[in-house]
Structures are given as C-alpha cells and as structure tokens.
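Structure first, then comments.
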Amino acid sequence: MSILKNNDDLKKLVDTLNFKEKVERSLALIEEAYKKYGDGLVVANSLGKDSVAIWDLARKVNPKIRGFIVTTRYKPKATIKFMNEEVARFPELKVYKNDVEIPDKLYETKPDKCCDILKVEPTRKAVEEMKVTCWITGLRCTEGRTRTDFKEVEERDKGLVKLNPILIWKEREVWEYLALNEVKVNPLYGLGYRSLGCAPCTKITVEDDERAGRWIGTSKCGGECGIHTRPLKNIGGDGI
Ligand code: SF4
C-alpha cells in the first residue's frame, strides 16, 4: 500500500511510534515520493535543525537530490556563515534571496508584508525556476500552535505537492537523529535558540512552544512566515 496515501492517525503516531520507526517512516515517505516525482522532488532547507535533518534523510534516499535555501538581509551572521558552509559542502543547494528595496524596519510595522516579500516571494521563485513538483519540508506538528493540523502529504497549490516527512517527530527525536548521524547544525542552537529565523524577529525563550521566540511583540507572535500558508504557484500580479 502507498504510504503517500496513508490515512493514519498522525496525532496518535506522535506518541506511539518509537524513534527507529519514525525514521523508517520518514525514509519510506521520501523514497516513495522520489519514485513518483523524480527530479521534481526538492528539499526546502531553512538551515534550522529540522531542515538539516530532512536534508540528511533525503540525501540517504538520493545523494543527488536538489534543495533550495531562502535567505534574507536580516538573517543572523552565524546563519549566513553556516549557509555558506552548507552550500560549499552540498552544491546541490541553491540559494534564493530578494534584494528589492523595502521600507526600513518593515518587520516591525508590517511583518506579514516583510515575510511575503523576503521569504514567500523567493520561495515562489525557487519552486518555479527549479521546476519543483513536490517539495520536502521540516514541518513538525508538535512545534507550536500553528503547526498542529498539517498532513504528511498535502497539495495546497495545484501541481505542487508538499511532503512533510518528519511531521510526527518530537523535538527530542530531531536532536537524537542529528546526533546519531553526526549532522552539522547551526551554532545558534548552542546559545539557547530553539527555532531560528531573521535576527530582529527571533528571541531565546524557555516556553514549551518551540516557536514562542518568533515575532514576539507583533501580530505574528509564535506564528508563520507564510511559506506554509500562502499560495506558492499560479499567482497573478506580484503575488503579495
Ligand atoms: S522574519 Fe522578520 S525580518 Fe525576516 S522576513 Fe519575516 S518579518 Fe522580515
């Protein structure tokens, strides 16, 4: 039976599958997606812990798999350095960035607009230029309040499938995987960050919600940049 078409109770699997079973499930999802989508299968890599985990998993299925990184002018220096090291190690990773002029501190006044311009737009460009038919993301349903209802396989945009192969992993299991597989991680985690984004919109927090440190003090607090919620294909005009 196709694992891509499963109707499993994912919330139950979060607590009932063990680490090994979760890794096997993730690899099976990627393997089947690779058979189905071939080179149209591409990994979205945000340089966070979940992204480097899915990048490592995907490379186990196909060492030549392509990926894209969306970066912005506001990423922390440590993340830019880590990005450059990752791209040097994995030339299959392509970097996208929007350098268009925007109002100063737009992240304070209109963070949704800022994310639309700096994150969602380059993601749309990556999807189009790399001819992506299925993108792999590191979404997990235990990350925070906005991530509880995703599915392992989704098609929010017609012609663009999204595969979330580690959706049912817990934070601890991501770190377990990274340690056991000796995957390099962004050094900012060593400072206490649990979820990484642009410097002005990311703080160190100790709350249960992993994403609680994102966009503190704005309407987006603990929320989403938009690449998982906004249309990525078939956009008219400037798409914003
Ligand atoms: S995370 Fe903040 S700085 Fe980065 S694009 Fe979004 S609003 Fe702008």
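Among the candidates Lys94, Lys125, which residue alone is over 21 Å from Leu57 (Cα atoms), surrounded by fewer than 21 Cβ atoms within 10 Å (Cβ to Cβ) and without any contact (Cβ under 8 Å) to a residue 40 or more places away in the chain?
Answer to the selection: Lys125.
Each row is one residue, and each column tells you yes or no for (1) under 28 Å from Cys198 (Cα atoms); (2) out of contact with any Pro (no Cβ under 7 Å at 6 or more places or on another chain).
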{"residue": "Met1", "(1), (2)": "no, yes"}
{"residue": "Leu4", "(1), (2)": "no, yes"}
{"residue": "Asp9", "(1), (2)": "no, yes"}
{"residue": "Val14", "(1), (2)": "no, yes"}
{"residue": "Lys22", "(1), (2)": "no, yes"}
{"residue": "Leu27", "(1), (2)": "no, yes"}
{"residue": "Ile30", "(1), (2)": "no, no"}
{"residue": "Ala44", "(1), (2)": "yes, yes"}
{"residue": "Arg73", "(1), (2)": "yes, yes"}
>> I'd like the full set of residues that are farther than 22 Å from Arg89 by Cα, in a helix (DSSP H, G or I) and away from the ligand (no atom under 16 Å from the Cβ), limited to region 185-214.
In response: Leu191
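Given Leu188, Leu196, which one is at pLDDT below 95 and farther than 22 Å from Glu21 by Cβ? Give the steps one after another, and end with the answer.
Values: Leu188 fails: at pLDDT below 95.
Criteria check complete, one pass: Leu196.
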> What do you reckon, is Glu182 surrounded by fewer than 15 Cβ atoms within 10 Å (Cβ to Cβ) and more than 16 Å from the ligand (Cβ to nearest atom)?
Replying inline: yes
> Given Arg124, Arg156, Arg172, which one is more than 15 Å from Val52 (Cα to Cα) and assigned to a helix (DSSP H, G or I)?
Replying inline: Arg124
>> Can you pull out every residue in region 26-48 that is modelled with pLDDT of 95 or more and open to solvent by 30 Å² or more (accessible area, probe 1.4 Å)?
In response: Leu27, Ala28, Glu31, Glu32, Tyr34, Lys35, Lys36, Tyr37, Asp39
>> Condition (residue is crowded, with 19+ Cβ neighbours inside 10 Å and at pLDDT below 95) applied to region 156-178: is it met by at least one residue?
In response: no
>> For region 131-148: of the residues being within 15 Å of the chain's Cα centre (by Cα) and charged (D, E, K, R), which is nearest to Phe68 (Cα to Cα)?
In response: Arg140
>> Residue pairs, Cβ under 8 Å, 6 or more apart or interchain, first in region 159-182 and over 27 Å from Asn7 (Cβ atoms), second at pLDDT 95 or above. List them.
In response: Trp175/Lys49; Glu176/Phe19; Leu178/Lys49; Leu178/Val52; Leu178/Ala53; Leu178/Asp56; Leu178/Val185; Asn181/Asp56
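The values are calculated or read from the model by the stated rules, or taken from the named source; none is laboratory data. Model, not experiment: these values are computed from the prediction. For neighbour counting, all protein chains shown are included, and Cβ atoms are generated from backbone atoms with ideal geometry for every residue, glycine included. For accessibility, only protein heavy atoms count, side chains too; no ligands or nucleic acids. Shrake-Rupley method; radii C 1.70, N 1.55, O 1.52, S 1.80 Å.
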